[in-house]
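Step one of this worksheet: look at the structure below.
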Amino acid sequence: MAVRLPVAPSALVVAAAIPLLFLHAEFQPSLSVGAGGTTINAYLSDFAVLAVVLAAIVAAGSRGVGVLRPGLPLWIAACAFFLWLAFGVAWGHHRTASYPTSTHAVTALKFLEYALLAPALVLLLRRRADVLAALWSLTIWSCCATGVGITEFFGSSVGWKGTVGHRQASFLSSSDFAALSAAVLLVGLLGAGLPRLRVPRQLAVVALVTGLLGTIVAGAMAAIFGIATALVVVGLVAAVGGGLTLRRAALVALVAVAAAAGTVTIRGADLSAFARFLGASTSAQAAQPATKVQTYAHRTLLVWIGYEMWIDHPLLGVGWEGSAEPANFVPYLPAAHRRFPDEAPLAFPARAPDRRYGVQNVWVQALADLGIVGCLLWVAVFAAAAWLAVRGGRLLALAWIALLVWLWSAQSFIAGIPLDALTWLAFGLAAVQVTEE
């Protein structure tokens with residue numbers, strides 16, 4: 001007699017891929033191939049994506065693709081965005097002679113590669129147990145990342161060690177560490193706050209602890225704003241549908257406040273510097289020009305350059321990733337120096353390869369690179385996924401999407417990073433058709 005496994009083997013492929021998807025490229029072996037004047041780097045995470053996609057193709061062959069049909073709005077929006085992204089590469093090549101077309105074409109293809117995770121997830125996760133296996137994998141990996149981050153916080157050199165007593169990156173970047181931790185924290189918060197989601201208690205407790213500690217140690221304010229937004233959005237939806245009690249809401253709020261307080265403490269110096277940048281301080285220290293790059297002021301400067309770039313190229317932008325090309329940002333530097341006279345020289349982008357900072361805000365970068373059309377298409381992908389999540393009652397996916405809106409506000413389009421993986425996993429989860437069988 002055949003024995004049916006509680007978790008489908010295809011779902012185990014997703015669970016096994018998650019650790020590689022949430023691991024910085026510096027800690028992965030790679031394979032480099034020269035092509036078209038550029039270098040294509042393939043990491044273990046790329047092979048993890050390939051394994052998930054191949055498993056999805058096998059699942060589609062044996063069980064059909066009917067489960068993809070309810071997600072049609074998302075697939076249409078994503079296809080439209082990637083078609084415009086391809087146009088953005090061609091447009092960048094057309095308008096700027098120095099535009100490295102091959103390099104940007106490769107990053108566009110890798111961005112598309114990670115997008116395949118969304119339909120693959122729909123094809124592979126058919127049962128509630130399959131989804132829980134993926135969530136357990138994400139949570140256990142978060143425990144590892146948080147453990148490493150805490151040891152770094154107290155002085156150990158394990159992964160990407162930051163300043164002792166300040167934010168850490170674990171074996172990711174600090175922003176990706178925050179993305180992983182915040183996503184897992186939302187698993188715990190929603191599992192504890194909404195019994196109808198039927199998140200096992202053990203999973204909710206572990207996710208709460210590792211997510212809270214990891215979010216604090218990663219120290220990303222974007223993650224805190226994202227968590228707060230996610231809880232408000234999900235709380236409104238849950239209040240309409242019922243099942244949210246005052247006691248559970250208070251517990252969720254208490255944990256969220258603890259995460260916010262810890263993160264503010266970790267980032268106290270950066271927040272104080274930003275307050276001085278905004279003119280909130282009149283101290284003698286504030287009157288002195290900055291001698292080093294201040295995180296939030298730096299991002300404000302870069303966003304200003306990106307916005308000015310879009311104002312001059314409103315419809316089509318300057319081409320995919322063109323905002324980081326000297327030919328496009330150098331003309332704005334004199335005005336940027338006048339607009340931000342007290343910023344450190346290193347805060348301004350330059351022709352040197354290590355100072356082509358980009359916009360570091362994907363929403364403004366979408367405007368600058370792809371114009372208003374490309375930005376609206378990128379927004380449409382998020383909107384379609386959120387609509388599917390609300391319609392299907394997939395509140396965790398909805399929470400992750402709200403979180404991602406903020407996480408991407410502190411990140412440029414960078415292909416193949418853990419934030420990419422979380423984005424398309426969230427979109428896929430929004431379209432997953434789960435049965436209890």
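Some observations on this one:
- Comparing Leu370, Leu109, Leu85 in a Gaussian network model of the chain (Cα springs below 10 Å), the most mobile by mean-square fluctuation is Leu109.
- Residues with amide H under 5 Å from that of Arg127, placed H, sequence gap 5 or more: Thr435
- Likely footprinting exposure, Ile150, Ile76, fewest C-beta neighbours within 10 Å first: Ile76, Ile150
- Each residue of segment 194-202 was assigned a 3J(HN,Hα) from its phi angle through the Karplus expression (A = 6.51, B = -1.76, C = 1.60, θ = phi - 60°), giving 10, x, 5, 6, 6, 7, x, 4, 4 Hz with x at Gly and Pro.
- In this simple spin-label model, placing a label point 7 Å from the Cα along the Cα-to-Cβ direction at both Ile57 and Ala35 gives a separation of 1.5 nm.
- The helix-only estimate of mean residue ellipticity at 222 nm for the chain, built from DSSP H runs of length n ≥ 4 each weighted as -39500 (n - 2.57), is -22000 deg cm²/dmol after division by the residue total.
- Residues whose amide H comes within less than 5 Å of that of Ile40, counting only those at least five positions distant or on another chain, are Val33, Gly34, Ala35 (H built at 1.01 Å from N in the peptide plane).
- Longest DSSP-loop-exposure-free segment, trypsin sites (Lys or Arg not before Pro), the chain, at most 12 other Cβ within 10 Å: 5-197
- With R₀ set to 56 Å, the beta-carbon distance separating Arg338 from Val257 gives a calculated FRET efficiency near 0.85.
The numbers here are math on the coordinates, done by the rules we state, and not lab data. These numbers come from a predicted model, not from an experiment. Neighbour counts run over all protein chains shown; Cβ positions are idealised from the backbone, glycine included.
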